[in-house]
Amino acid sequence: MEAAAPEFAAVVRERFGAYRHHVLATLRKDGAPRLTGLEADFRHGELWLGLMTGSRKARDLRRDPRFSLHANPGGGTDLSGGDVRVAGRAVEETDRGLKARYAAAVRPPEPFHLFRAELTEVVRTSVEPPFMKLEVWRPGRPLRTIRRTSEDPRLLEG
């Protein structure tokens, strides 16, 4: 995303950087969704997920790496920075040197699991009166912008 849509990537990083805690969705063993709080951050052009050792969300990701992460919308209801969510696959990093560098910078409770996010979709939703504006990025595709209103006939169909 950084190389393909740098301005969009900066907006996404800023939105995640505004607050420390975000909401992670993983898949339970039975396929049901699990929503939990998570600290996530961007470092060196990558999104990193640090998880407590043995946590259910870590077990979920080890079993099925698909996830979705919703940036904390913060206080109030204006969403002036837009509503941002990402989805992808979490790849566990076991390299001791990399984990040590991460731990030195972030200072997570140890021991911990470290996952690098391979993003498959990034969506920013904002309001651009009279429209709801959706910006969607997927690997290998250009950034796409969609503007909709509640009077869009496609929304009223079936």
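Things to note:
- Selection status of R43, open to solvent by 50 Å² or more (accessible area, probe 1.4 Å) and at pLDDT 95 or above: no
- Hits in the stretch 1-59 - residues which are over 22 Å from F112 (Cβ atoms), touching a helix residue (DSSP H, G or I) at 6+ places or on another chain (Cβ under 6 Å) and of a type outside the set (A, V, I, L, M, F, W, C): E2
- Residue list for the stretch 133-150, restricted to those being open to solvent by less than 60 Å² (accessible area, probe 1.4 Å) and either over 15 Å from V12 (Cα atoms) or in contact with a Ser or Thr (Cβ under 6 Å, 6 or more places away or on another chain) (or both): K133, L134, E135, I146, T149
- Of the candidates L69, L51, L61, L38, the single residue that is surrounded by 13 or more Cβ atoms within 10 Å (Cβ to Cβ), at pLDDT 95 or above and more than 27 Å from M132 (Cα to Cα) is L61.
- If you go through the stretch 24-35 and keep only what is hydrophobic (A, V, I, L, M, F, W, C) and open to solvent by 100 Å² or more (accessible area, probe 1.4 Å), you end up with just L35.
- If the condition is being assigned to a loop (DSSP other than H, G, I, E, B) and under 30 Å from A100 (Cβ atoms), then the stretch 27-86 contributes H44, G45, T53, G54, S55, D64, P65, A71, N72.
- Within the stretch 111-132, if we keep just the residues that are over 30 Å from E92 (Cα atoms) and touching a residue at least 40 places away in the same chain (Cβ under 8 Å), the residue that is surrounded by the most Cβ atoms within 10 Å (Cβ to Cβ) turns out to be S126.
- Residue that is modelled with the lowest pLDDT, among those in the stretch 1-23 that are over 11 Å from V84 (Cα atoms) and open to solvent by 80 Å² or more (accessible area, probe 1.4 Å): A3
- Hits in the stretch 3-26 - residues which are assigned to a loop (DSSP other than H, G, I, E, B), touching a strand residue (DSSP E or B) at 6+ places or on another chain (Cβ under 9 Å) and not aliphatic (A, V, I, L, M): R20
- Of all the numbered requirements in (1) closer than 19 Å to V23 by Cβ; (2) assigned to a strand (DSSP E or B); (3) in contact with a Gly (Cβ under 6 Å, 6 or more places away or on another chain), P108 misses one, and that requirement is (2).
The values are calculated or read from the model by the stated rules, or taken from the named source; none is laboratory data. Since the model is a prediction, treat every value here as computed from it, not as a measurement. Methodologically, a virtual Cβ is constructed for each residue, glycine included, from the backbone with ideal geometry; neighbour enumeration extends over all protein chains shown. For the accessible areas, the whole protein counts, side chains as well, though only heavy atoms, and no ligand, DNA or RNA atoms are used. Shrake-Rupley method; radii C 1.70, N 1.55, O 1.52, S 1.80 Å.
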